[in-house]
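Taken together, the values in this text are just the output of simple stated rules run on the coordinates, not laboratory data. Not measured: the values here are computed from a predicted model. Cβ placement follows ideal geometry from the backbone for every residue including glycine, while neighbour counts extend to all protein chains displayed.
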Amino acid sequence: MRNFKYLLIAFLGIISLFSCSDDDFTFIAKQDPNGISFSNTTSEVYTLDAVNADNLAERFVWNSVDFGVQTPVSYELQGATSSSFDEIDPISNGKETNAAVTIKNMLTLAKDAGLDNDPDTEAPNSGDLFFRVRGYVGSNGGGNLVEQYSDTLTVRVMLPENTDAVELKRELYLVGDATAAGWSNDNNNTPLFRDSENDDLYYFEGRFAGGADVEGFKLLESLGKWQPQWGISEEMVTSSEILGNDPNAFKVTEDAYFNLTVNVADGTYSMESIDESSATSYTSIGIIGDATPTGWDADTDMTQSEFNSHIWYINDLTLTDGEFKFRENNDWDVSWGIVSDALSDKAELGNSKNMTASSGIYDIWFNDLDGRYILIPQISE
C-alpha cells in the first residue's frame, strides 16, 4: 500500500509537469558584467556625399553578451542625434554582432540633426552623430525583457557644401486611423501639398476614412518621428512645440472625400466634403521628361494608392537638372503641366508647359483630382 502511495504521488507530479503550458514558462536572466563594447575602428570624420548614398560608411562590430540563459540574444544598433538618445533611429535588429551603416543611414541622421550642405543657410554642414547597441532577450509583451546597452560611440560627419543644394522645406504628413497610413508614423504616409508661394499654406483633396468610432488624423513633420506633430486645440491648428504637449486629432465623421486647407501660420483650417464620383479614374500615371531617368522617351511609372485611387507616388527617384510633367497611360492624350520650378505646385490638365526640377533624390506625389504635386528631397546633392 505504501508503494502504491508513492507511485501515485510520482504519477501526479509527472502529470503536473506536462500540463504546464509554454505561457507559464519564465526564465531568469541577468546582465553580462563584461558589457557590450564596439571593436571597430572609426574614421576621424565621415564625408557624406549623396552620390555615394548606397555605399558602406562603416561596419559596426561589437562583442556578444551572455545573459545566462539558453535563449538567443538579439542586438539592435541605434543611431541618434544626441548622446541622450531622446530620439532613436533603429538601424538594424538581429542576432549578428555587426551591422552595416550606409552613407544614406548617416545622411538621414545628419538631416535630423539639422545639418545641411547649403552654404547659404545658417545650418552647419558638420557635426556629431551617436551610436549604441542594445542587446536583449525576451520581450516586453511576455513581461520578461532583459536588456543591456553598450557605451555610446560618437562619430563626426561632414556634408560637402554645394551651392546648388535643394532647399529643404517643412513637410506635413497625414497620420491617423482616418488615413492610409493608420497610426503609424513611418508607413509611406501621404503628404499634404504645399502652396508654391506660401510655405505655411497646405492643401489636400482626397479620401478620409472617418466615422463615429474613428479618432481622426494629425500631421507630422518628419516620417518616423512623432514630434513635432500638428493637430487641433480649441478649434485652432497648433503643434506640440507650441502647446508643450500633443494636440488633439482632426475629427472626421464620415468616410468620404474632403477638400482640406491648413494654414499653420495663423492656425486656421477648412475641411469640406466633396463629391468625386464624376472624377475620371486613371489606371496608369507616370512622370516623364529630361529630368527623369528615361528622359522624354518613356514614362517612369508611379504607384497608385490602394486607399485613394487618385493619389500616385514614387519613392527615391533620382532626378537631374531638367524638366518634367505627368501623363496618363504612357501617352500624350492626357497630361498635366505648368511653368514652375517650385517643389510643390498645381499642374493643369492639358497644359503643354513643363515643370523644372533640380538634381536630387525625391519622393514624388501627384493628385489627379486637382493636379497638385510635391517633390520631397530625400538627400540633397
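Structure summary
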item: Anisotropy class of the range 256-381 from Cα gyration tensor, a/c 1.5 cut; result: oblate
item: Residue order, fewest to most surrounding Cβ atoms within 10 angstrom, among MET158, MET355, MET106; result: MET158, MET106, MET355
item: Distance from the range 325-363 to the range 183-238 (C-alpha centre basis), Å; result: 24 Å
item: Burial ordering of PHE366, PHE307, fewest other beta-carbon atoms within 10 Å first; result: PHE307, PHE366
item: Reported label for calculated Cα Rg over 2.2 N^0.38 Å given [x] 0.98; [y] 1.45; [z] 1.25; result: [z]
item: Value of relative contact order over the range 148-229, rounded to a whole percent, pairs C-alpha under 8 Å and six or more apart; result: 31 percent
item: Under Karplus coefficients 6.51, -1.76 and 1.60, residue-wise ³J(HN,Hα) of the range 268-284 in Hz, glycine/proline x; result: 10, 7, 9, 8, 10, 6, 10, 9, 9, 4, 8, 5, 5, 9, 9, 9, 7
item: For the range 46-158, share of DSSP beta bridges that run antiparallel, in % to the nearest 5; result: 95 percent
item: Inter-centroid distance (Cα atoms) of the range 275-315 relative to the range 42-82, Å; result: 37 Å
item: Gyration tensor (alpha-carbon) shape descriptor, the range 228-277, a/c threshold 1.5; result: prolate
item: For ALA57, residues with placed amide H under 5 Å, excluding near neighbours; result: VAL101, THR102, ILE103
item: Value in Å of the Kirkwood radius, where the range 46-158 supplies the Cα pairs that are averaged; result: 15.3 Å
item: For THR238, THR292, order by how many other beta-carbon atoms lie within 10 Å, fewest first; result: THR238, THR292
item: Angle between the chain longest axis and helix 2-19 axis [Cα atoms, degrees, rounded to 10]; result: 10 degrees
item: Contact order normalised by residue count of the range 210-357, Cα under 8 Å, 6+ apart, percent; result: 14 percent
item: For the range 173-274: rounded, prolate or oblate by the Cα gyration tensor [a/c cutoff 1.5]; result: rounded
item: Degrees, to the nearest 10: 103-112 long Cα axis against longest axis of the chain; result: 80 degrees
